[in-house]
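Below: the structure, in structure tokens.
The values are calculated or read from the model by the stated rules, or taken from the named source; none is laboratory data. Keep in mind the model is a prediction, meaning the values are calculated, not measured. Because the Cβ atoms are built from the backbone with ideal geometry, glycine has one as well, and the counts that use them run over all protein chains shown.
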Amino acid sequence: MTKHVAVLMGGWSSERPVSLSSGKDCADALEASGYKVTRVDVQRDISTVLSELKPDVAFNALHGPFGEDGCIQGVLEFLGIPYTHSGVLASSLAMNKEKAKEIMQAAGIPVAESRVVHRLEAAKAHVLPPPYVIKPVNEGSSFGVLIVTADQQHSPQELYSADWPYGDIVMVERYVAGRELTCAAMGDKALDIIDIVSNNDTFYDFDAKYAPGGSTHILPADLKPNIYQYIQSLTIKAHQALGCKGISRADFRFDETAGEDGDLICLEVNTQPGMTPTSLVPDMARHAGIEFEQLVSWMVEDASCDR
């Protein structure tokens, strides 16, 4: 019998446009693979919609709050609908940069020194010696990220703004110069590493992530073999430490000029990696001989409850 897959996309987070793009591509690929597909633009009545739809599997293509922080995962658990990606706890932990960092550090994964403070405290004075990065604790796609350079006298004043949309709690983290590297875990296997070169002379921001030509993906990354294998092992270690399932993606910064082995830190683990035409995980899978249709089919067949 043909499996009926509900592709959950959209939602109401800042990442809605990315999710709609991810969802469309995944739904198209699943249809091409022979699945019966229903595209669901997720609103707050999603529990009722899914109760009536009764799909065999929910393919979670949501990004950002509610979609990848354990909330929709809890709804799916209540409804007893098998779903893709990580479960309630892993999703919630990975989405909170402070908690994720504590768990990764306890597992022996290198992370950058940081402090979690109210945004008004970060606006008042430097919380760490510059250079540093300020990021919301619960956002993705580089929304709300501010970089404070070494010569910047004042902390970012936009944090005072009454219409700051990214929550009051921010993480202030030591800035690590160098290369932006990323690696995905697919089940218990690490895929190859991508070296991301932003083409806009800043950092890997929203446009660099999603705009065509916004960044160049060097795959496989040109690294010493010991560093390459170390990053792959850290990717699996982070995936397992947080309790992730299916596919996750770990992002790293690597300053090869610092010391003999360089300065390598894990920035975060993404439990709902983008699946758009310019996304990283589809690139890595393709490099491993797994075409996009095979990738999304694997995710559907891997789906379950109690993840």
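Residues of the stretch 1-19 being part of a strand (DSSP E or B), among the β-branched types (V, I, T) and touching a residue at least 60 places away in the same chain (Cβ under 8 Å), which ones? Result: V5, single match. Taking strands (runs of 3 or more DSSP E) as the structural unit, those lying wholly within the stretch 141-251 and holding at least 2 residues that are buried (at least 16 other Cβ atoms within 10 Å of the Cβ) and either among the charged types (D, E, K, R) or at pLDDT 85 or above (or both) correspond to 146-148, 169-174, 179-186, 194-198.
This table checks each residue for (1) at pLDDT 95 or above; (2) closer than 24 Å to Q294 by Cβ.
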site: S21; (1), (2): no, yes
site: S51; (1), (2): yes, no
site: Q73; (1), (2): yes, no
site: H85; (1), (2): yes, yes
site: E98; (1), (2): no, no
site: M104; (1), (2): yes, no
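Residues that are in contact with a strand residue (DSSP E or B) (Cβ under 6 Å, 6 or more places away or on another chain) and over 16 Å from K237 (Cα atoms) occur in the stretch 92-100; there is at least one. Could you please let me know if D45 is at pLDDT 95 or above and not assigned by TED's automatic domain parsing to the domain that holds S279? It is true that D45 is at pLDDT 95 or above and not assigned by TED's automatic domain parsing to the domain that holds S279. Of the residues D25, D45, D41, only one is under 15 Å from Q272 (Cβ atoms) and either touching a residue at least 12 places away in the same chain (Cβ under 8 Å) or more than 24 Å from the chain's Cα centre (by Cα) (or both); which? Just one listed residue meets the conditions, D25.
Checking each residue in the stretch 274-286 for being farther than 12 Å from M186 by Cβ and of a type outside the set (D, E) picks out G274, M275, T276, P277, T278, S279, L280, R286.
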